[in-house]
Each structure stands twice: as structure tokens, then as C-alpha cells.
Amino acid sequence: MDDCSLLTPRQLAAETGWPEKRIRKLISTRSIRFLKNGANFLLPHNAIQEYIARNMVEPSQGNETGDE
């Protein structure tokens, strides 16, 4: 990771426009990268972009159902 800046869930929410509650849910389900420092959670600046890239569903290239 080139950029070592870490953000709190509130800071990441403000920066990305995602609700803080959703970011905290992703932390609780371990769906997003984070660092736990005592009672604090810190996330890399690009955590949301990584999450989106990992979970993006690509469209199928053909008709897989065989209807046509």
C-alpha cells in the first residue's frame, strides 16, 4: 500500500458518501480491510474502492440459458 493514511469510519463515510453505519457493518462482517487499534477501527483510504472491485459482478457475455 503506497498511501499509509488511515481513516476512521466517520472520516471514510464523509469522504466517500457512504453511510457510516454501512461501513461499520462491513467492518463487523469483515468484508472490508481495517486495522483495530485498541477500541478504534481504522481503514485505508481506498477500502471502499477495494470492496467494490472485489464484489463487482461482471455481465455475462452470452445467453447462457439457451432460450434463443
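Please verify whether GLY17 is at pLDDT below 95 and among the small types (Gly, Ala, Ser), treating the condition exactly as stated. No; evaluated as a whole, the condition is false for this residue. Does LEU26 qualify as being surrounded by 16 or more Cβ atoms within 10 Å (Cβ to Cβ), touching a helix residue (DSSP H, G or I) at 6+ places or on another chain (Cβ under 8 Å), in a strand (DSSP E or B) and modelled with pLDDT of 95 or more? Spelling it out, it is not the case that LEU26 is surrounded by 16 or more Cβ atoms within 10 Å (Cβ to Cβ), touching a helix residue (DSSP H, G or I) at 6+ places or on another chain (Cβ under 8 Å), in a strand (DSSP E or B) and modelled with pLDDT of 95 or more.
Scanning segment 11-23 for residues that are surrounded by 12 or more Cβ atoms within 10 Å (Cβ to Cβ) and farther than 17 Å from GLU50 by Cβ returns ALA14, GLU20. Whenever a residue of segment 45-60 is over 16 Å from CYS4 (Cβ atoms), its partners that are modelled with pLDDT of 95 or more and hydrophobic (A, V, I, L, M, F, W, C), lying with C-beta atoms within less than 8 angstrom and at least six residues away or across chains, give the pairs ILE48/LEU12; ILE48/TRP18; ILE48/ILE23; ILE48/ILE32; TYR51/LEU26; TYR51/ILE32.
The values are calculated or read from the model by the stated rules, or taken from the named source; none is laboratory data. Just so it is clear, the structure is predicted and the values come from calculations on it, not from any experiment. Every residue, glycine among them, receives a Cβ derived from its backbone with ideal geometry; neighbour counts consider all protein chains shown.
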